[in-house]
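To start, the structure under review is shown below, and the notes come after it.
FYI, it's all coordinate maths here, none of it is from the lab. Please read these numbers as outputs of a predicted model, since none were measured by experiment.
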Amino acid sequence: MKKSFQKLWGMPILLALLSLFGLIAALLGEGLWDWLGWFALSVPLFLVIKHYYN
């Protein structure tokens, strides 16, 4: 059962954590943190666009 849970929810949880990190980094940080937040928020967007066109 654990294997199926990880297979089903692994990527959505990872993308949610990446988005949360990006939001917090962009809102609270300056300089490098802004760039890290921008990058972290662009990864889920890139994946959504990639899967939309495939």
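What is the extension gain from TYR53 to ALA16, computed as 0.36 nm multiplied by their sequence separation minus the C-alpha to C-alpha distance, in nm to one decimal?
Details: separation 37, 0.36 × 37 = 13.32 nm, distance 2.16 nm.
Gain in length upon complete extension: 11.2 nm.
If you fit an axis through the alpha-carbon atoms of helix 2-28 and take the longest principal axis of the Cα set of the chain, what angle between them do you get, 0 to 90°, nearest 10?
10
Within the P(r) computed for the chain, what percentage of the Cα pairs occupies the region above 18 Å?
44
Only Cα pairs under 8 Å and at least 6 apart count here; give the relative contact order of the stretch 14-53 as a rounded whole percent.
Once divided by the residue count of the stretch 14-53, the mean separation gives 38 percent.
Using 0.36 nm per residue of separation minus the Cα-Cα distance, give me the extension gain between LEU45 and LEU32 in nm, one decimal.
Values: separation 13, 0.36 × 13 = 4.68 nm, distance 2.04 nm.
This chain segment gains 2.6 nm when fully extended.
222 nm [θ] for the chain, helices only, -39500 (n - 2.57) per DSSP H run of 4+, per residue, to 500? Please report the intermediate quantities before stating the final value.
Values: 2 runs with 49 residues, N = 54.
Calculated at 222 nm, the ellipticity per residue is -32000 deg cm²/dmol.
Taking Cα atoms, how many degrees apart are the long axis of helix 32-53 and the longest axis of the chain, rounded to 10 and kept between 0 and 90?
40
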